[in-house]
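Comments concern the structure below.
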Amino acid sequence: MVTVRAPATSANLGSGFDVFGVALDRPADIVHVERADRTTIELTGVGSQYIPTDPDRNVVGAVAEALDAPAHIRIDKGVRPSSGLGSSAASSAAAAVALNELYDRGLSREELVPVAAEGEAVVSGEAHADNVAPALLGGFTVATDEGVTTVDADIPLVACLPEIAVSTRDARRVVPSDASIEDMVHTVGRAATLAVGMCRRDADLVGAGMDDRVVTPARAELINGYHEVREAALDAGASGVTVSGAGPSVLGVCQAADRTRVAGAMLEAFDEAEVNARAYKTRVGRGTEVLEP
Ligand SMILES: Nc1ncnc2c1ncn2[C@@H]1O[C@H](COP(=O)(O)OP(=O)(O)O)[C@@H](O)[C@H]1O
Ligand SMILES: N[C@@H](CCOP(=O)(O)O)C(=O)O
């Protein structure tokens with residue numbers, strides 16, 4: 001048996017739609033795999049009652065097929081599905097690492113990125129890699145057609161998860177099909193600023209670089225209380241706030257000393273909008289770890 005831990009991730013970071021991602025140091029999925037003649041799936045943990053055990057509809061089934069590695073796969077969900085925190089990607093990355101180890105396939109973490117992205121295609125219709133790349137490799141990642149670039153960034157974060165479900169598939173339908181040149185120039189400038197901030201481990205620069213005028217405004221409308229939560233977090237000291245992934249989680253960047261205040265302000269603002277929520281005081285973290293080889 002092989003056991004692995006794969007972290008939650010936050011994709012896009014506002015200005016880097018379908019490109020940027022970070023691994024979070026918590027929460028995480030734990031996945032155990034054992035060799036079998038055909039793939040079967042067992043689920044426990046947060047939101048597991050909403051996730052199919054049918055290998056054709058669970059992301060780990062697609063990963064097992066891509067690696068030709070049938071197994072009994074036990075998933076203990078720490079990352080709630082439809083959270084905007086890369087729930088499906090955590091399981092995809094975990095299965096890719098665990099099955100690669102179990103069947104001794106010898107693929108590198110970089111080579112496992114397109115394999116794990118096959119799992120994402122099952123749920124969102126597209127094999128986007130911006131969650132699976134940081135889930136596998138850790139840190140801040142830039143995923144493009146050419147491959148993945150990583151930065152071992154260390155930035156404090158608050159991820160606030162409301163009790164609302166937004167599926168990635170639905171949130172992709174509201175993405176505008178075009179953008180003005182002004183909005184594009186603004187967003188590219190912010191994305192470049194964010195990337196420099198990650199390299200310098202500068203939370204103020206990362207926060208300033210999150211602003212996006214293209215995708216986030218449409219996505220924000222799917223999250224009850226988003227604008228109030230964003231304002232509250234900025235007032236409490238966050239340097240930047242945006243939709244995490246496809247939502248509904250809201251991601252704030254701040255100095256480590258301000259995390260508790262920012263988390264409290266976000267929870268209070270969701271509460272005022274009559275939305276229950278929980279906040280993870282977290283930071284950019286490591287990728288998938290093998291716990292039991
Ligand atoms: N192993 C899995 N973990 C989480 N979600 C899964 C898994 N397999 C299939 N799903 C489905 O994927 C969807 C959640 O994925 P997604 O919408 O991308 O959420 P998130 O934003 O948390 O990644 C749900 O419909 C869920 O049933
Ligand atoms: N780039 C994707 C990221 C989806 O992230 P998730 O955590 O919501 O699955 C998108 O924005 O659609």
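Miscellaneous remarks
- Entry note, the chain: the mean residue ellipticity at 222 nm calculated from DSSP H runs of n ≥ 4, each adding -39500 (n - 2.57), is -11000 deg cm²/dmol after division by the residues and rounding to the nearest 500.
- Net charge dipole size for the stretch 41-176 [Lys, Arg +1 and Asp, Glu -1 on Cβ; Debye, nearest 20]: 460 debye
- Debye, to nearest 20: dipole size of the chain, +1 on Lys, Arg Cβ, -1 on Asp, Glu Cβ: 480 debye
- For the stretch 38-191: rounded, prolate or oblate by the Cα gyration tensor [a/c cutoff 1.5]: prolate
- Tail weight of P(r) past 24 Å, computed on alpha-carbon pairs of the chain, percent: 46 percent
- Antiparallel bridges, percent of DSSP beta bridges restricted to the chain (to nearest 5): 90 percent
- Between Ala192, Ala263, Ala23, the Gaussian network model of the chain with springs among Cα atoms under 10 angstrom shows the greatest mean-square fluctuation at Ala192.
- For Met210, the solvent-accessible surface with a 1.4 Å probe is about 10 Å², rounded to the nearest 10.
- Taking all protein chains into account, the per residue accessible area for the chain stands at 42 Å² (1.4 Å probe).
- Portion, in percent, of the accessible area of the chain that falls on carbon or sulfur, probe 1.4 Å: 46 percent
- Given charges at beta-carbon only (K, R positive; D, E negative), |dipole| of the stretch 116-185 in Debye: 240 debye
- Shape category assigned to the stretch 65-150 from the gyration tensor of Cα positions, a/c cut at 1.5: oblate
- Between the stretch 186-224 and the stretch 113-173, the Cα center-to-center distance that results, in Å: 16 Å
- Compared with the alpha-carbon gap, the fully stretched path from Leu291 to Arg169 is longer by 40.7 nm at 0.36 nm per residue.
- Calculated FRET efficiency, Arg278 to Thr149, Cβ-Cβ distance, R0 = 30 Å: about 0.40 to the nearest 0.05.
The values are calculated or read from the model by the stated rules, or taken from the named source; none is laboratory data. These numbers come from a predicted model, not from an experiment. Note: ideal-geometry Cβ built from the backbone for every residue, glycine included; neighbour counts use all protein chains shown. Note: accessible area is taken over every heavy atom of the protein model, side chains too, but ligands, DNA and RNA are not part of it. Shrake-Rupley method; radii C 1.70, N 1.55, O 1.52, S 1.80 Å.
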